[in-house]
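Q: I'd like to ask you about the structure that follows.
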């Protein structure tokens with residue numbers, strides 16, 4: 001690891017695109033001698049439950065936190081199999097995804113996010129979280145599309161041609 005403790009921060013939501021971003025970030029981190037911080041942000045809620053549903057039927061905050069940890073662990077397993085590089089740190093954080101990702105990315109080399117394809121035009125779509133991170137991040141943001149059998153084409157927003165390796 002370099003003196004940059006945070007290395008590359010990756011937003012992980014369990015989607016195929018976020019798994020692709022995690023794999024890409026790990027490859028880049030190895031090349032840069034940096035670490036990877038896989039971040040899954042979650043917010044407590046009762047989405048999908050009617051307001052009159054009994055409290056006992058709704059998941060507790062603890063249940064939701066456990067589910068969030070399972071989503072992140074599953075994505076890490078999908079990205080790396082049983083051998084996870086020791087330079088990868090997984091973090092589950094309660095809070096709004098944009099705010100959490102921007103906080104973790106502050107001072108990092110870059111922020112990597114997944115990008116799903118848009119079926120109609122076959123171009124990768126950028127979601128709300130990615131758009132807000134691109135708008136407000138103080139570090140380069142790379143969106144990594146899901147690729148089918150080919151190397152992903154990357155789109156860096158606000159990134160210099162060479163990723164900086166010094167402290168911010």
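Only the coordinates and a few stated rules stand behind these numbers; no lab work does. Worth saying up front: this structure is predicted, and the values here are computed from it rather than measured. No Cβ is skipped: glycine too gets one built from the backbone with ideal geometry, and neighbour counts run over all protein chains shown.
Q: In terms of the ratio Rg/(2.2 N^0.38 Å) built on C-alpha atoms, what value belongs to region 8-157?
A: Cα Rg divided by the expected 2.2 N^0.38 Å: 1.09.
Q: Using Cβ counts within 10 Å as a stand-in for footprinting exposure, how do 13, 85 rank, fewest first?
A: Ascending number of Cβ neighbours within 10 Å: 85, 13.
Q: With an 8 Å Cα cut-off and a minimum separation of 6 or more residues, compute the relative contact order for region 8-157 in percent.
A: Averaging sequence separation for qualifying contacts and normalising by length gives 31 percent for region 8-157.
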